[in-house]
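The values are calculated or read from the model by the stated rules, or taken from the named source; none is laboratory data. All values reported here derive from a predicted model rather than from experimental measurement. Don't worry about glycine lacking a Cβ; one is built from the backbone with ideal geometry, like all the others, and counts go over all protein chains shown.
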Amino acid sequence: MILSDKRILEEIEKGTIVISPYDRKYLGTNSYDVHLGKYLATYKDRILDARAHNEIEHFEIPEEGYVLQPGTLYLGVTLEYTETHAHVPFLEGKSSTGRLGIDIHATAGKGDVGFCNTWTLEISCAQPVRVYAGMPIGQLIYFVVEGDVETLYNKKGNAKYNGRTIKPVESMMWKNQF
């Protein structure tokens, strides 16, 4: 079950959903719009290795915007810091973003109960497109969890993305044992 606008507001009042900065005008019928933060990143190496710590270079989006190029993976970040203590958050692209040929996540659209951070976006595009800090980039949808959660994400010792950040975070796949 997806939470409605009224239910999202109730959960914000209870503190089980936190969105900062929050503005009521970005609350949709059953979602909350999130915006592109001011930082993007790209990997330093063209060939990535799943077992290696692939380093990234951060850069700030200039006021006149930044032109994304096809064939390059950009890591972005949401302006909004969120906490979700009782629901499963899903990040989806906005239709207006998709109609510009921008994908905001390759595979990681679902968060975990207990996720407390900004969202790193895995951005790619179909053709060159100029993006701007602060533009609407996606929407958060909240699902009800069936049953009790044993360990919240922010309490897991092996959680790789718990460090609060305002910049995109590179893949931590290299921390897995395989």
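Overview of results
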quantity	calculated
Any chance T97 is of a type in the set (S, T, Y) and in a helix (DSSP H, G or I)	yes
Strands (runs of 3 or more DSSP E) lying entirely in the stretch 1-60 (those with 2 or more residues that are under 16 Å from the mean Cα position of the chain (by Cα) and either exposed (fewer than 14 other Cβ atoms within 10 Å of the Cβ) or among the hydroxyl-bearing types (S, T, Y) (or both))	32-43
Flag for T72 being in contact (Cβ under 8 Å) with a residue 12 or more places away in the chain, buried (at least 16 other Cβ atoms within 10 Å of the Cβ), touching a strand residue (DSSP E or B) at 6+ places or on another chain (Cβ under 8 Å) and farther than 17 Å from L3 by Cβ	no
Matching residues, the stretch 121-130, being in contact with a Leu (Cβ under 6 Å, 6 or more places away or on another chain) and β-branched (V, I, T)	V129
Whichever residue in the stretch 99-113 is at pLDDT below 95 and closer than 19 Å to T72 by Cα and, among such residues, is surrounded by the fewest Cβ atoms within 10 Å (Cβ to Cβ)	T107
Count of the stretch 74-94 residues which are within 18 Å of H58 (Cα to Cα) and in a strand (DSSP E or B)	5
Criterion (under 25 Å from R46 (Cα atoms), at pLDDT 95 or above and not in a strand (DSSP E or B)) met by exactly one of G134, G71	G71
Candidate set: the stretch 114-140, residues that are of a type in the set (V, I, T) and surrounded by 20 or more Cβ atoms within 10 Å (Cβ to Cβ); chosen: the one nearest to L68 (Cα to Cα)	V131
Selection from the stretch 1-52 of residues that are of a type in the set (D, E) and in contact with a Leu (Cβ under 6 Å, 6 or more places away or on another chain)	D5
Members of the stretch 141-177 found to be closer than 30 Å to G65 by Cα and at pLDDT 85 or above, listed by number	I141, Y161, R164, T165, I166, K167, P168, V169, E170, S171, M172
Index of the failed condition, K94 passing every other in (1) at pLDDT 95 or above; (2) within 17 Å of the chain's Cα centre (by Cα); (3) surrounded by 13 or more Cβ atoms within 10 Å (Cβ to Cβ)	(1)
